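K.L.:
Quick one: this structure, given as structure tokens, is what I'll be asking you about.
The values are calculated or read from the model by the stated rules, or taken from the named source; none is laboratory data. None of the values given here were measured: they were computed from a predicted structure. Every residue, glycine among them, receives a Cβ derived from its backbone with ideal geometry; neighbour counts consider all protein chains shown. Quick note on the areas: whole protein, heavy atoms, side chains included, nothing else; ligands and nucleic acids left out. Shrake-Rupley method; radii C 1.70, N 1.55, O 1.52, S 1.80 Å.
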Amino acid sequence: FSTLEVPHPHQARTISLGERQIMTLRERLRDFEFRLADLVRNAALNEITTDKLNRWCVRMLGEQSTLRLPGEVALGLAEQFNLQEVALRVWGLDLPAEGVGAPVDEEVHTYANSLVNPYCGNDITLTPASWLHAKPASLAILPLRPAVGQPTFGLLVLGSDDPERFAPDMGLAFLQTVSILASSALSRLKPAGTSVRAADDA
């Protein structure tokens with residue numbers, strides 16, 4: 001084996017088997033270095049994302065006014081993650097019937113309840129897309145519900161001027177986390193009519 005010669009992988013000459021093995025090991029080492037660099041880069045990006053997510057959560061938790069809470073959810077999300085615009089609509093909660101609490105038709109209710117996972121894509125003909133003031137190049141629509149399997153009480157719409165920001169084939173783990181956190185924060189709002197029923201019972 002020490003005298004066996006094999007073709008060079010990139011040149012028109014022969015080399016010893018030992019030299020070929022060393023070349024193979026070097027190529028594998030280079031591949032491992034590239035993969036390690038990717039892991040380090042992804043870890044750094046995940047750390048940044050986690051920090052922004054924590055800042056957003058702190059902002060929501062720190063808001064004492066339930067009337068201002070929906071605005072903090074949307075505005076905080078837009079600022080932390082550099083989004084073109086964020087729209088929010090909720091129903092069945094004790095909010096004024098304008099802005100975030102503006103009535104939505106039955107079609108929106110049906111669509112929201114059909115969303116098991118967030119929608120990502122470029123379909124700006126969807127009704128929730130019209131809640132954004134600026135026409136987005138891509139958008140994500142997140143269902144808001146008290147718990148898995150329960151009816152929705154709202155939709156969170158993220159708009160971007162980057163057509164690839166919310167691609168249909170993107171991973172949904174982060175958006176699902178945002179959906180859960182926003183749902184939990186907004187669950188602090190009382191259902192519509194709660195205070196009236198409480199007064200009647202008294």
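K.L.:
Please go through (1) without any contact (Cβ under 8 Å) to a residue 12 or more places away in the chain; (2) buried (at least 20 other Cβ atoms within 10 Å of the Cβ); (3) β-branched (Val, Ile, Thr) for VAL148 and return the number of the only condition it doesn't satisfy.
P.N.:
It is condition (2) that VAL148 fails.
K.L.:
Moving on. Scan the stretch 114-132 for residues that are closer than 11 Å to LEU155 by Cβ and either among the aliphatic types (A, V, I, L, M) or out of contact with any strand residue (DSSP E or B) (no Cβ under 8 Å at 6 or more places or on another chain) (or both) and jot them down.
P.N.:
Our first condition is that a residue be closer than 11 Å to LEU155 by Cβ; within the stretch 114-132, this holds for 115, 118-119, 126-129, 131.
Those that are closer than 11 Å to LEU155 by Cβ and either among the aliphatic types (A, V, I, L, M) or out of contact with any strand residue (DSSP E or B) (no Cβ under 8 Å at 6 or more places or on another chain) (or both): LEU115, LEU126, THR127, ALA129.
K.L.:
Right, another one. Name the single residue, out of those in the stretch 90-107 being in contact with a Leu (Cβ under 7 Å, 6 or more places away or on another chain) and in a helix (DSSP H, G or I), that is least open to solvent (accessible area, probe 1.4 Å).
P.N.:
So the first thing to find is which residues in the stretch 90-107 are in contact with a Leu (Cβ under 7 Å, 6 or more places away or on another chain), and the list is 90, 93-95, 100-101.
Retained after the next criterion (residues that are in a helix (DSSP H, G or I)): 100-101.
On the way: VAL100: 41, GLY101: 19 Å².
Looking at residues that are in contact with a Leu (Cβ under 7 Å, 6 or more places away or on another chain) and in a helix (DSSP H, G or I), I get GLY101.
K.L.:
State which residue is most open to solvent (accessible area, probe 1.4 Å) when the search covers only the stretch 1-47 and only residues that are basic (Lys, Arg) and modelled with pLDDT under 80. Break it down stepwise before answering.
P.N.:
Start the filter on the stretch 1-47 by keeping residues that are basic (Lys, Arg), which leaves 13, 20, 26, 28, 30, 35, 41.
Filter again for modelled with pLDDT under 80, leaving 13, 20.
Details: ARG13: 106, ARG20: 83 Å².
Only one residue fits best here, namely ARG13.
K.L.:
Here is a further query. From ASN117, ASN113, which residue is at negative phi, of a type in the set (S, T, N, Q) and part of a helix (DSSP H, G or I)? Let's see the steps before the verdict.
P.N.:
On the way: ASN117 fails: part of a helix (DSSP H, G or I).
Of ASN117, ASN113, the one residue that is at negative phi, of a type in the set (S, T, N, Q) and part of a helix (DSSP H, G or I) is ASN113.
K.L.:
Given the conditions (1) within 17 Å of TRP131 (Cβ to Cβ); (2) assigned to a loop (DSSP other than H, G, I, E, B), report the number of the one that THR66 does not fulfil.
P.N.:
Condition (1) is where THR66 drops out.
K.L.:
What about THR125, is it surrounded by fewer than 12 Cβ atoms within 10 Å (Cβ to Cβ) and part of a helix (DSSP H, G or I)?
P.N.:
Details: surrounded by fewer than 12 Cβ atoms within 10 Å (Cβ to Cβ): yes; part of a helix (DSSP H, G or I): no.
In short, no.
K.L.:
Further question on the same structure: Kindly indicate whether ALA87 is assigned to a helix (DSSP H, G or I) and hydrophobic (A, V, I, L, M, F, W, C).
P.N.:
For ALA87, the condition - assigned to a helix (DSSP H, G or I) and hydrophobic (A, V, I, L, M, F, W, C) - is not met.
K.L.:
Does the stretch 129-145 contain at least one residue that is assigned to a helix (DSSP H, G or I) and crowded, with 16+ Cβ neighbours inside 10 Å? Give the steps one after another, and end with the answer.
P.N.:
Of the residues in the stretch 129-145, the ones assigned to a helix (DSSP H, G or I) are 129-131.
With crowded, with 16+ Cβ neighbours inside 10 Å added as a condition, the list becomes 129, 131.
Checking the stretch 129-145: at least one residue is assigned to a helix (DSSP H, G or I) and crowded, with 16+ Cβ neighbours inside 10 Å.
K.L.:
Of a type outside the set (D, E, K, R) and touching a strand residue (DSSP E or B) at 6+ places or on another chain (Cβ under 8 Å): does that describe ALA87? Steps first, answer last, please.
P.N.:
On the way: of a type outside the set (D, E, K, R): yes; touching a strand residue (DSSP E or B) at 6+ places or on another chain (Cβ under 8 Å): yes.
Yes.
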